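Input: a single structure, listed below in C-alpha cells.
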Amino acid sequence: DSMRRKLAEQFIPINPADISDSEKNREKAKKNDDEAERRRLAELERLRLLELERLRLLELERLRLEEEERRRLAELERLRLEEEERLRREEEERLRRLAEEAERARLAELERLRLAELERLRLLAEEKERLRLAELERLRLLEEEKRRKKQLRKERKAKQEKLRIEREEWVAEQKALEIAKKEEAERKLLEKMPDCGVCGKKILPGGLQLQPMGRRIHLECFQCVQCGKSLEGLPFIIEGDKFWCNEDYATLTAVKCGVCGEGILEDDPSFQKDGKLIHSRCLSCSICNKSVADGYMLVGGLITCRECPMKVSSR
C-alpha cells in the first residue's frame, strides 16, 4: 500500500477523500477476512470436538463390548463348571447305584445258590422227564418246520408255475397280436398285388415275375406242365393256360408207340409191327419177349433175338 501511494504521488494527483475511502474499504475487507477466518477456525474446532466425541463413543462401545464378552465368557465358564459338577454327581450316583445293584445281585445269587442246592435233588428227578419232553417237542418242531418248508416250496413252485403260465399266455397274446397285425398288413398288401396267371396266387413285392404273352406269372410257375422244367430262356409253346417245352409238346402230339404208349418223335428209330408203329427200344423177340434193341433176326416173318433161332434149330 505504501508503494502504491508513493507511485500514485509521483504520477497522479492525490485526493484526500479518495485515500480515506480506500482506507475504510481496506479495513472493512480485513474485518471480513478476520471474521471468515474466525468462522473457519470455529468450524474446525467444532469438527475436532465432534471427532473427539465420536472417538469417545467408539471407545465406550469397545469397552461395553469387551465387558459383554467378559460377562459371556464368565457365564460360559460358570455353565461349564455347573455341567462338570452335574456330571460328577451323576457319575457318583451311577457308581452308587451300580454298587447297590452289584450287592443286590450278589445277595440274590447267594439266595439262588441256596435254593438251587435245596432243590437239586428234586430237579434231578424232573430233569429226565424235562429232557424227554424237550426232545419230543424238538422232534415235533422239526416235523412242523419240514412241513412248513415243504408247503412253502409247493406254494413257491405253484406261484412260479402260475407266473410262467401267465408270462407264456402274455407272450402268446403278444405274438398273436403281432401275427394278426402282420397278417392284416400282408392281406392289405396282397389285395393290391396282381395274381399269377398259372397258380392264381398273389405275386409278392420283390418276387421274380415274368410276363410271357402279356401274362404276369411267378418265375417258378414258368415251367413245362409235363416235365416241370423251367422254361426261362428256352423256346416254349402255350396251349390254353399251360406251358410246354418243345420236347414234351412234340411227344404229346406225336404218334404213340404201340407198346409203351409214349409219343414217337421224328428222330426216334421206330418199326412197324402188326400194323402198329413202335420204338426200336420197345421191339422184342416174338419167342422169348426179350428186347432186341441191340440186334434182331427175321425168321419166317417173325422178329426174333439172335439166340432163339439157334435154340429152335437145335431142337
Query - Listed residue pairs exceeding 23 Å between alpha carbons, taken from K229/K290; K181/K201; K201/K229 - result: K229/K290
Query - Long-range HN-HN contacts of C196 with modeled amide H, under 5 Å - result: K201, K202, I203
Report summary line: Rounded to one decimal in Å, the inverse mean reciprocal Cα-Cα distance for region 109-177, i.e. its Kirkwood radius, is 17.1
Report summary line: One computes Rg over Rh for region 17-128 from alpha-carbon atoms, with the Kirkwood Rh, and obtains 1.94
Query raised in the report: Residues with amide H under 5 Å of F243's amide H, sequence separation 5 or more or different chain, H placed in the peptide plane at 1.01 Å from N; which?
Result: V225
Report summary line: Computed ³J(HN,Hα) along region 54-62: with the Karplus parameters 6.51/-1.76/1.60, θ = phi - 60°, integer Hz and x for glycine or proline, the list is 5, 5, 5, 5, 5, 4, 5, 5, 4
Report summary line: Which residues qualify? For I278, with a placed amide H closer than 5 Å and at least 5 residues away or on another chain, they are G258, F271, Q272, K273
Requested in this report: Quick one: what are the phi-derived ³J(HN,Hα) couplings along region 130-147, Karplus 6.51/-1.76/1.60 with θ = phi - 60°, whole Hz, x for glycine and proline?
Outcome: 5, 5, 5, 5, 5, 5, 4, 5, 4, 5, 5, 5, 4, 5, 5, 5, 4, 4
Report summary line: Computed D for region 28-85, Stokes-Einstein, Kirkwood radius over alpha-carbon pairs, 37 °C, 0.692 mPa s, to the nearest µm² per second, is 213
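Every read-out reported here was derived from the displayed coordinates using simple, explicitly stated rules and does not represent laboratory data. All values reported here derive from a predicted model rather than from experimental measurement.
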